[in-house]
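The values are calculated or read from the model by the stated rules, or taken from the named source; none is laboratory data. Quick caveat: nothing in here was measured; it's all calculated off a predicted structure. Here the Cβ is made from the backbone with ideal geometry for all residues, glycine too, and neighbour counts use every protein chain on show. Side chains are part of the model used for accessible areas, which takes the heavy atoms of the whole protein and leaves out ligands, DNA and RNA. Shrake-Rupley method; radii C 1.70, N 1.55, O 1.52, S 1.80 Å.
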Amino acid sequence: MNQFTTFGIVETILSKLPWTLLLSLIAFVGGAFVAGLLTMFAILGGKIANVGVSVVISTVQSTPLLMLMFLCFFGLPLFQIEVSPLLAASAALVAFTAAYLTEAWRSALKAVHAGQWEAALSSGMRHDHVLLAIILPQAVRIAIPPTVGFLVQVVKATSLASIVGFMEITRVGTVLNNITFRPFLIFAIIGALYMALNLPISLAARHLERRFNFNR
Amino acid sequence: MFNFRDVFAYSSLILDGLAVSIVLCVIAGTLGFLLAILCAALKTTGPRPLSWIVTAYVETIRNTPFIVQLFFIYFGVGSLSWRMSPVFAATAALTLNVAAYFTEIIRGGLADGSRGVREAALSQGMTIVQTYLRIVLPPAIAKVDKTLVGQFVLVFLGSAVISQISVEDLTSAAQFIQTRTFRAFETYIVVTVLYMATGLVFSLLYAWLRPALFPWVRDSRQ
């Protein structure tokens, strides 16, 4: 019944690749959205907001991602939210991504020299206008390489969704392993798939870093 | 709504799990550090083929998830060779993982290291190995030590995954207690706090040890 050829194994794994990609997309887009809000809140909301955001970031970052997933999976039902593996994994990955990106973006904004602020303000520009027209374009250049590089961490992190039962490529690997007993082949293929996704992103991030880093 | 008492009834199990997590990560961190010292040397000054091998190893680890590395070693390599124990496979996977990241970090510290110092040491009659270990490496490590410790803490947090090959670590203790008490949320809160606190203790411990390790570094930059 369960006679998997090597080709069958590859085909089955590839059939779950869209779920890894979807989860990465949800995490990255959702995380970037939350990070955008948190960064604005931290920058514009005064000292207390800034410290509050820092506390949230370091709390999330010092929590194992697997624990974040378990806490979402078992914690959200306490608030009468029905949780599927996809929802639990997405929520945890969004939090994980948002924490990193907020830190990266906020420090990019802070890295723009204070003289830029002073010069723009003293030439009569409004505060919000300075932020949008002078500071943001410079901060974006600083923030792009780490943001792209973090995409690799996101793709890798989606593999933990397998533990809460979400059927992406790592999960299908463990299932196939139980059926076919060919773990060496299966996990080599899965590793190669992650490599194929991540290596181009890593190289692009390093390229961007070299390109944007000329003056620092 | 919340009930932590059921969870604390299993505190000795939790502490045993925590001890397993800490011991395995410290062993892997130490072995990984030694391996990384070797790999960083090969990557920067080794012969071409060896530096390529190191690059391939580092990129493979850094671009694939730890859980896949763990499964590949435990199930995959385990199916071709002897049947390794979960603890052995977990330690091996953690070591190889941490060493790849450490290699890149140490290489970063070596990168702007002065060539003149190296040449001076060599011309004094020191061997290449002596020069590397005694002259070139220490300031490079001192430059990137906090990044290394930060990476070690990340690996410690990521080690939660070794519970998936039935290593009896902190997360595995949590999963056991959860099935016994049905207090999943409370259990994971307790365990999460322990992971956080331990990560913090690692950082603080290092900050305390640092002056003894690098007495010549006076400033507290980074």
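Return the only residue of B:Leu15, B:Leu31 being without any contact (Cβ under 8 Å) to a residue 60 or more places away in the chain, under 16 Å from B:Phe156 (Cα atoms) and either open to solvent by less than 80 Å² (accessible area, probe 1.4 Å) or in a helix (DSSP H, G or I) (or both).
Details: B:Leu31 fails: without any contact (Cβ under 8 Å) to a residue 60 or more places away in the chain.
Going through B:Leu15, B:Leu31 in turn, the sole match is B:Leu15.
Where in segment B:43-128 are there helices (runs of 4 or more DSSP H), lying wholly inside it, with at least 3 residues that are within 14 Å of chain A (Cβ to nearest Cβ)? So that I can check it myself, show each step before the final result.
Working: elements: B:48-62, B:66-71, B:86-111, B:115-123.
Once the helices (runs of 4 or more DSSP H) in segment B:43-128 are filtered for at least 3 residues that are within 14 Å of chain A (Cβ to nearest Cβ), what remains is B:48-62, B:66-71, B:86-111.
If you go through segment B:118-140, how many residues are free of Cβ contacts under 8 Å to residues at least 24 places away in the same chain, among the β-branched types (Val, Ile, Thr) and open to solvent by less than 70 Å² (accessible area, probe 1.4 Å)?
2
What is the one condition in (1) crowded, with 16+ Cβ neighbours inside 10 Å; (2) within 14 Å of chain B (Cβ to nearest Cβ) that A:Arg206 does not satisfy?
(1)
Every residue in segment B:58-94 that is more than 30 Å from B:Thr44 (Cβ to Cβ) and of a type in the set (Val, Ile, Thr), please.
Result: B:Ile67, B:Val87.
Would a scan of segment A:175-192 turn up a residue that is within 30 Å of A:Thr63 (Cα to Cα) and basic (Lys, Arg)?
The answer is no; no qualifying residue exists.
Being without any contact (Cβ under 8 Å) to a residue 60 or more places away in the chain, open to solvent by less than 40 Å² (accessible area, probe 1.4 Å), of a type outside the set (Asp, Glu) and assigned to a helix (DSSP H, G or I) narrows it down to one of B:Phe156, B:Phe202, so name that one. Step through it out loud before you land on a result.
Working: B:Phe156 fails: without any contact (Cβ under 8 Å) to a residue 60 or more places away in the chain.
None of the other options fit; the residue is B:Phe202.
Among the residues of segment A:130-151, is any facing chain B (nearest Cβ under 8 Å) and in a helix (DSSP H, G or I)?
We begin by selecting, within segment A:130-151, every residue facing chain B (nearest Cβ under 8 Å); these are none.
Within segment A:130-151, none of the residues are facing chain B (nearest Cβ under 8 Å) and in a helix (DSSP H, G or I).
Out of A:Val172, A:Val154, report the one residue that is more than 10 Å from chain B (Cβ to nearest Cβ), within 17 Å of the chain's Cα centre (by Cα), surrounded by 17 or more Cβ atoms within 10 Å (Cβ to Cβ) and of a type in the set (A, V, I, L, M). Talk me through it step by step, then tell me what you get.
Numbers: A:Val172 fails: within 17 Å of the chain's Cα centre (by Cα).
Criteria check complete, one pass: A:Val154.
Considering segment A:1-30 alone, what residues qualify as being closer than 18 Å to A:Val148 by Cα and polar (S, T, N, Q)?
A:Thr20, A:Ser24
Which helices (runs of 4 or more DSSP H) does segment A:1-107 wholly contain that include 1 or more residues that are open to solvent by less than 40 Å² (accessible area, probe 1.4 Å) and touching a strand residue (DSSP E or B) at 6+ places or on another chain (Cβ under 8 Å)?
Once the helices (runs of 4 or more DSSP H) in segment A:1-107 are filtered for at least 1 residues that are open to solvent by less than 40 Å² (accessible area, probe 1.4 Å) and touching a strand residue (DSSP E or B) at 6+ places or on another chain (Cβ under 8 Å), nothing remains.
Please go through segment A:180-195 and give me each residue that is open to solvent by less than 70 Å² (accessible area, probe 1.4 Å) and either without any contact (Cβ under 8 Å) to a residue 24 or more places away in the chain or not β-branched (Val, Ile, Thr) (or both), ordered by number. Before you say what the answer is, go through the steps one by one.
Step one: filter segment A:180-195 for residues open to solvent by less than 70 Å² (accessible area, probe 1.4 Å), giving A:180, A:183, A:185-195.
Scanning segment A:180-195 gives A:Pro183, A:Leu185, A:Phe187, A:Ala188, A:Gly191, A:Ala192, A:Leu193, A:Tyr194, A:Met195.
Exactly one of (1) under 30 Å from A:Arg171 (Cβ atoms); (2) modelled with pLDDT of 90 or more; (3) surrounded by fewer than 18 Cβ atoms within 10 Å (Cβ to Cβ) is unmet by B:Ser81. Its number?
That leaves (2) as the condition not met.
Scan B:Val7, B:Val26, B:Val87 and give me the residue that is over 24 Å from B:Val129 (Cα atoms) and open to solvent by less than 10 Å² (accessible area, probe 1.4 Å). Working first, answer last.
Values: B:Val26 fails: open to solvent by less than 10 Å² (accessible area, probe 1.4 Å); B:Val87 fails: open to solvent by less than 10 Å² (accessible area, probe 1.4 Å).
After ruling out the rest, the residue left standing is B:Val7.
Every residue, every condition in (1) touching a His at 6+ places or on another chain (Cβ under 6 Å); (2) of a type in the set (A, V, I, L, M, F, W, C); (3) more than 19 Å from A:Tyr194 (Cβ to Cβ), yes or no:
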| residue | (1), (2), (3) |
| --- | --- |
| B:Ile73 | no, yes, no |
| B:Gly76 | no, no, no |
| B:Leu94 | no, yes, no |
| B:Ile105 | no, yes, yes |
